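Reading through the structure tokens given below for one structure.
The values are calculated or read from the model by the stated rules, or taken from the named source; none is laboratory data. As the structure is a prediction and not an experimental result, all values here were calculated from the model. Please note: Cβ atoms are built from the backbone with ideal geometry, for glycine as well, and neighbour counts cover all protein chains shown. Note: areas computed on protein heavy atoms with side chains; ligands, DNA, RNA excluded. Shrake-Rupley method; radii C 1.70, N 1.55, O 1.52, S 1.80 Å.
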Amino acid sequence: MRDHQPFLVADAMAAGATAKRLRAARFSIPARGVRALRSLAGDDERLLLDAIALVARADHCFSHTTAARLLGMPLPPLGPAEPIHVAAPTAGSRMRRAGVVGHRLRTSTTTAAGLRVTAPIDTFVHLATLLEHRALVAVADWLVSHRRGDARIDRGDLLHHCERRRGAPRIGRAIAAVRDCAVGAESPRETEHRLLLDGLGARTDHLNLSVFDEAGRFLLRLDGGWPELRMGWEYDGLQHWSDPRQRAIDLDRLEAPQALGWRIRRFGAHHHRAEGRAAVEAFAREVRERRREAASRAVERRGFWSTCLAPDVLRR
């Protein structure tokens, strides 16, 4: 037995261990029929998952939020009593254990962190039964993100997959989330801010676009914006507001784009609360007004910009 690895009681007894020895205090019981050579800490989810994997059938896999966490999907806090989700094929036998929610699902599978899980695209469909709209859009943003390289799922393919699954529980939620997702978001808070602007009639045209001067020199990257209007926004975390040095850097780097005619607004968590909401509403009005003006009078476009999917292709 290797230290810190769970093992089946049946395997240990077959190797000569006695029931009395397996009841020794140095063994924990992460799951019925499993022992481990360390105490099961309250937050040691990995040990518990390894134990469940040992007693699972060959056609079982982790699903829903359990699969999502193993795959690295961004999830909101779901509480300390979050169950482990295990799926069987539609004709298979569901797992029935304390702390485990068993499912029968039609799904493809993959491996994440050494464990069998539902495929990312199917995991998204299953999450529609558990997450509210903003959280589900954040997961969709992650799936289509430019940062995922070859693992990135095309937004159109994700929508098509969901539409083919009509009849699945809460599939309408999944379809609505895909329609609101976009390539370029790098955090759930950015997603939340974009959705807030969308709701105010200022749907962001591009996410994580880069801005360059007239000579093609990189100036900064915006979290979102409307390059044809020369407007953009950034969502800054706490460090950008609480660290004076970082705040000074952020302000200085806005000067060059502003000199080229860009209107850039910085936002933070306080703008998502009642006391800061007026500033977001005012910015959304400004975007709408500038868009109306651009319909009759061309916006002066100095400098260049590029998208996150084609960062080396400069556009006017």
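Calculated FRET efficiency, residue 301 and residue 251, Cβ-Cβ r, R0 30 Å, to nearest 0.05?
On the way: r = 24 Å, r/R0 = 0.80.
Once rounded, the FRET efficiency stands at 0.80.
Calculated from DSSP H runs of 4 or more alone, at -39500 (n - 2.57) each and per residue, what is the 222 nm mean residue ellipticity of the chain, nearest 500? Don't jump to the answer; show the numbers that get you there.
Values: 13 runs with 119 residues, N = 316.
Mean residue ellipticity at 222 nm (helix-derived): -10500 deg cm²/dmol.
I'd like the Karplus ³J(HN,Hα) series for region 183-189: coefficients 6.51, -1.76, 1.60, θ = phi - 60°, whole numbers in Hz, and an x wherever there's a Gly or Pro.
7, x, 5, 10, 7, x, 5
Return the tail of the calculated pair distribution for the chain, meaning the percent of Cα-Cα pairs more than 36 Å apart.
36 percent
Using a Förster radius of 41 Å, what is the FRET efficiency between residue 78 and residue 315 based on their Cβ-Cβ separation? Nearest 0.05, please.
Working: r = 41 Å, r/R0 = 1.00.
Efficiency at R0 = 41 Å is approximately 0.50.
Leaving out ligands, DNA and RNA, and with a 1.4 Å probe, what % of the accessible surface on the chain is carbon or sulfur?
That share works out to 50 percent.
If we count every other residue with Cβ under 12 angstrom of residue 139's Cβ, Lys/Arg +1 and Asp/Glu -1, where does the sum land? Please list the in-between numbers first.
Working: positive: 69, 134, 173; negative: 132, 141, 180.
Cβ neighbours under 12 Å give a net charge of 0.
Could you tell me the distance between the Cα centroids of region 246-264 and region 143-160, to the nearest Å?
So the separation of the two Cα centres works out to 32 Å.
Taking the 0 to 90 degree range and rounding to the nearest ten, how far is the long axis of helix 277-296 tilted relative to the main principal axis of the chain, both from C-alpha atoms?
50 degrees
Using Cα pairs closer than 8 Å and at least 6 residues apart in sequence, work out the relative contact order for the chain, in percent.
On the way: 485 pairs, mean separation 33.5, N = 316.
After rounding, I find 11 percent.
Using DSSP, restrict attention to beta bridges with both residues in the chain and report what percent are antiparallel, rounded to the nearest 5. Walk me through the numbers before you get to the answer.
Numbers: 22 of 35 bridges.
Restricted to the chain, the bridges split so that about 65 percent are antiparallel.
Sorted by accessible area with a 1.4 angstrom probe, largest first, how do 290, 164 fall? Write down the numbers at each step before the final one.
On the way: 290 55, 164 155 Å².
Solvent-accessible surface, decreasing: 164, 290.
Please give the per residue accessible area of the chain, computed with a probe of 1.4 Å over protein heavy atoms only, in Å². Walk me through the numbers before you get to the answer.
Values: 16010 Å² over 316 residues.
Accessible area per residue, the chain: 51 Å².
Compute the signed sum of charges (Lys and Arg +1, Asp and Glu -1) over the other residues within less than 11 Å, Cβ to Cβ, of residue 116. Working shown, then result.
Working: positive: 57; negative: 59.
Charge balance near residue 116 sits at 0.
Report relative contact order for region 211-316 in percent, whole number only (criteria: Cα-Cα under 8 Å, sequence separation at least 6).
Values: 123 pairs, mean separation 34.7, N = 106.
With pairs under 8 Å counted, the relative contact order is 33 percent.
For residue 212, what residues show an amide H to amide H distance below 5 Å, using hydrogens built from the backbone and excluding near sequence neighbours?
Residues meeting the amide H criterion: 219, 304, 305.
Roughly what angle does helix 155-164 make with the longest principal axis of the chain, taking Cα atoms, 0 to 90 degrees, to the nearest 10?
50 degrees
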